[in-house]
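Trainee: Here's a structure for you.
No value in this document is a laboratory result; all are computed from the given coordinates. Note that the coordinates shown come from a computational prediction; the quantities given were computed from them, not determined experimentally. Cβ placement follows ideal geometry from the backbone for every residue including glycine, while neighbour counts extend to all protein chains displayed.
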There are 2 protein chains.
Amino acid sequence: MEFFKILHKYKKSRIAEINTPHGTVTTPIFMPVGTQATVKIMTPQDLEEMNIKIILSNTYHLYLRPGIDIIERAGGLHKFMAWKGAILTDSGGFQIFSMEDLRKITPEGVLFRAHFDGTEHFLPPEKVVDIQNRLGSDIMMCLDECPPYPAERGYIDNSLNLTLEWAKRAKLAHKNTDRQALFGIIQGGVYRDLREKSAEEMVKMDFPGYAIGGVSVGEGKDLMYSVMDWVGPLMPENKPRYLMGIGAPEDLWHAVENGMDMFDCVLPTRIARNGTVYTSRGRIILRNSEYKEDFTPIEVGCGCYACKNFTKAYIRHLFNVHEILGMRLTTLHNIYFMIRLCGVIKNSIENGNFEKEKEKFLANFEI
Amino acid sequence: MEFFKILHKYKKSRIAEINTPHGTVTTPIFMPVGTQATVKIMTPQDLEEMNIKIILSNTYHLYLRPGIDIIERAGGLHKFMAWKGAILTDSGGFQIFSMEDLRKITPEGVLFRAHFDGTEHFLPPEKVVDIQNRLGSDIMMCLDECPPYPAERGYIDNSLNLTLEWAKRAKLAHKNTDRQALFGIIQGGVYRDLREKSAEEMVKMDFPGYAIGGVSVGEGKDLMYSVMDWVGPLMPENKPRYLMGIGAPEDLWHAVENGMDMFDCVLPTRIARNGTVYTSRGRIILRNSEYKEDFTPIEVGCGCYACKNFTKAYIRHLFNVHEILGMRLTTLHNIYFMIRLCGVIKNSIENGNFEKEKEKFLANFEI
């Protein structure tokens, strides 16, 4: 079975299948984030009932806690967390490089202190691959340097060269090419020629898929859209394209329009835990007093368990009295919203009315 | 249909049916506590899947937040929280009287300040009934004075007289006798004659069910068992008997042996949120390092979702990294454990081997 198969195209957008040892994922797809081997508050059953086929987890976090030995002895990450679908593991590059005071980058790898206990760890790119081989994720990511924004051109140039070098070493270290797909990450900040150089060099290494990294680091939406515009055409047509860390509803439309296939973002679940939910008209903050006696669901017609059973007034009450069920229901709703949005986008590609549907969505959805 | 029907007896123990407008409850039954219109972290679906038929909620909490008007406009408590089964609402007596510095008792009722914002409220027994009429719970409780332990005989005597007087007034105020059963509460502290007096007077008032209140206030298990022993024989055979606030697994056996039918307790769900779970061998603390690499379920053979899917090592990891799913799974397990225990007790009544089964359970279950 082919790893990646395009089923339908409309201009630059596409519907495709990614075939993994843990099932087939249809793209465009939003992957819920399960950083610490759990999509926060959700059970695997909750996710399965929403027809979710792939989730994301994080090498960095799992390496530190519970530790790879434990997950390996449990029979791998899927078994450990009882998730039967596909898993993409992020390398942890983004997390490590966010901790500016706690890490040091050398050509050999990255030295850092754990965010919770200060213990020192050294991760060369080979070890990041080895960890992911042992986790048994279906899609693995190379260790990259994720530079801050803003950063000078010279810094970005050096950084992307290091990321390219590390990608080469990661590829050589990868043991399970038969069952785990290792993706390369394109960097280059907001410099068009550097993004192009990164993409061209990365593509030469022939990875089974490519990601755009280093976006959503504060550069703003216009620059983020520009990066896709520059890099998208250089990414192979016949391989999955993963836009890392992006997943606001409005961004999904822009990204798919630019040929992207895969997305992840903590935003939908993070705002949910704060009482904010997505509707077709935009975000609403359930804590607001206007919902005190609103006996309608978060969104009329939404098929999620929260909307089929509960009113805004009830969920607002739960948040008001600090009951966890509130966060559970909003998390469920926001994930469902993202998955349903992927369905709407897919249909618009199939029906060839992408622009119209995009316009309709964005006209209603207040950002 | 009779409100209460005994199906099977063994010595003082009995299996019975309580028929409510929201379904039939078979006793002996442990009622999960949903103080603020939610059994913490659980959805109604979770509870239904465990075959739970009745839960408890709290008049005092709901009166303060979200307020009775909102619940009434939502169509009643069942609709508000999307719970199709039966609901028993506690009067809030226990909660109000726990706040020693914030309340004042008068013959008219109780004056108190809300625990979270200091607003002042006056609740006469009539109002407590009216609130419960408006909530629409299936079983309502009279407002009682729940005296502290220890307390002097004179104090307890006055207190139980007040509770009797309030019960009379509550009964008169009750509007929906056709569809809501109002229970009287027997007080009297640890004084046998006062307990007997309270029981006799309360029974004269002919409530459809009776509760023993003012236990589990620090008097110790032996005194608590004595209270049941004194009062049980004075409680009508043909009406449900509810032992309030009791629900440790070992206590259930003693209470059923003394003819009790209904129980509630925050303990199973509270300890769950702290990472402690029940097994047939007693409590275990999942945070302990001994479970770090324990790849067996909380209890082998347990049919709950947590045990069918996850290991101790995984749930320990969740607690270790502060993931809410941990609390969700342990809560589910402990509720399931209590419900399954009720099933074991029921079978032992049916099979006439109650003592043997009780002994077997207590021999294994380390307290």
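Trainee: Only Cα pairs under 8 Å and at least 6 apart count here; give the relative contact order of chain B as a rounded whole percent.
Mentor: Values: 693 pairs, mean separation 59.6, N = 367.
With pairs under 8 Å counted, the relative contact order is 16 percent.
Trainee: Let me check against my output: what whole-number percent is the relative contact order of the stretch A:275-330, with C-alpha pairs under 8 Å and at least 6 apart? Could the numbers behind the result be given before it?
Mentor: Numbers: 77 pairs, mean separation 18.6, N = 56.
This gives 33 percent for the stretch A:275-330.
Trainee: Further question: Under 12 Å from the Cβ of B:M31, count the other residues' Cβ atoms, weight Lys and Arg +1, Asp and Glu -1, and hand me the total. Working shown, then result.
Mentor: Working: positive: B:K53; negative: B:D90, B:D138, B:D261, B:D264.
Net charge in that neighbourhood comes out at -3.
Trainee: Taking each label point as 7 Å beyond Cα in the direction of the beta carbon, state the distances from A:N364 to the same residue in the other copies, shortest first, in nm.
Mentor: 5.5
Trainee: Within 10 Å of each Cβ in A:62-75, how many Cβ atoms from other chains are there, averaged over the peptide? Working shown, then result.
Mentor: On the way: counts 2, 0, 1, 3, 9, 3, 0, 2, 7, 3, 0, 3, 6, 2.
Averaged over the peptide's residues, the number is 3.
Trainee: Taking θ = phi - 60°, what integer Hz values does the Karplus form 6.51 cos²θ - 1.76 cosθ + 1.60 yield along the stretch A:335-348, in sequence order, with x for Gly and Pro?
Mentor: Using θ = phi - 60°, the values come out as 5, 4, 4, 5, 5, 5, 4, 4, x, 4, 5, 4, 4, 5 Hz.
Trainee: What translational diffusion coefficient, to the nearest whole µm²/s, does chain B have by Stokes-Einstein, given a Kirkwood radius computed over alpha-carbon pairs, a temperature of 10 °C and 1.306 mPa s viscosity? List each step's numbers first, then the result.
Mentor: On the way: Rh = 21.0 Å.
Translational D for this selection: 75 µm²/s.
Trainee: Ignoring GluC sites (Glu not before Pro) that are buried or in helix or strand per DSSP, and keeping those with at most 13 other beta carbon atoms within 10 Å, what is the longest stretch of chain B between them? Before the final figure, lay out the partial values.
Mentor: On the way: sites that count: B:E2, B:E108, B:E152, B:E237.
Counting at most 13 other Cβ atoms within 10 Å as exposed, the longest clean stretch of chain B is B:238-367.
Trainee: In A, who owns the beta-carbon nearest the axis carrying A over to B, and how many Å from it?
Mentor: A:I324, 3
Trainee: Can I ask one more? Working from Cα positions, state the angle (0 to 90°, nearest 10) between the long axis of helix A:192-204 and the longest principal axis of chain A.
Mentor: Between helix and principal axis, roughly 70 degrees.
Trainee: Between the stretch B:230-278 and the stretch A:49-119, what's the alpha-carbon centroid distance in Å?
Mentor: 44 Å
Trainee: Can you give the FRET efficiency to the nearest 0.05 for B:K292 and B:E366, using r as the Cβ-Cβ distance and R₀ = 25 Å? Intermediate results must be reported in sequence, preceding the final value.
Mentor: Values: r = 21 Å, r/R0 = 0.86.
Approximately 0.70, to the nearest 0.05.
Trainee: What is the distance in Å between the Cα centres of the stretch B:319-337 and the stretch A:316-342?
Mentor: Here the answer is 18 Å between Cα centres.
Trainee: Normalising by the residue count of the stretch B:240-288, find the relative contact order in percent from Cα pairs under 8 Å and 6+ residues apart.
Mentor: Working: 56 pairs, mean separation 15.4, N = 49.
Worked out over the stretch B:240-288, it gives 32 percent.
Trainee: With a point put 7 Å past each Cα toward its Cβ, work out how far A:Q45 is from B:H121 in nm, to one decimal.
Mentor: Calculated label separation equals 3.4 nm.
Trainee: Relative to the other copies, what are the label-point distances for B:G67, with labels 7 Å from Cα along the C-beta vector, expressed in nm at one decimal and sorted shortest first?
Mentor: Taking the point 7 Å beyond Cα along Cα→Cβ, the inter-copy spacings are 5.4 nm.
Trainee: Measuring nothing but label to label, 7 Å from Cα along Cα→Cβ, what are B:E196's distances to the other copies in nm, shortest first?
Mentor: In nanometres, ordered from closest: 10.0.
Trainee: What does the charge count near A:I18 come to, summing +1 for each Lys or Arg and -1 for each Asp or Glu among other residues with Cβ under 15 Å from its Cβ? Walk me through the intermediate numbers first.
Mentor: On the way: positive: A:K5, A:R14, A:K53, A:R179, A:K239, A:R241, A:K346; negative: A:E2, A:E17, A:D138, A:E237, A:D261, A:D264.
Once all neighbours under 15 Å are counted, the net charge is +1.
Trainee: Taking every alpha carbon pair in the stretch A:272-364, what does the distance histogram look like in 10 angstrom bins from 0, in percent?
Mentor: Calculated P(r), rounded to whole percents: 17, 46, 24, 11, 1.
Trainee: A further question on this structure: According to a simple spin-label model (label point 7 Å from Cα along Cα-to-Cβ), what is the distance in nm between B:R283 and A:Y225?
Mentor: 5.7 nm
Trainee: Please give the length that would be gained between B:N353 and B:T177 if that part of the chain were fully extended, namely 0.36 nm times their separation in residues minus their C-alpha to C-alpha distance (nm, one decimal).
Mentor: Extra length available between B:N353 and B:T177 comes to 59.6 nm.
Trainee: Taking the Cβ of B:A114 as the centre, find all other residues whose Cβ is under 9 Å away and add up their charges (Lys, Arg: +1; Asp, Glu: -1).
Mentor: Charge balance in the 9 Å sphere: 0.
Trainee: Which order do B:S198, B:S159 fall in if you start with the one that has the fewest other Cβ atoms within 10 Å? Let's see the in-between values first.
Mentor: Numbers: B:S198 31, B:S159 24.
Result, fewest neighbours first: B:S159, B:S198.
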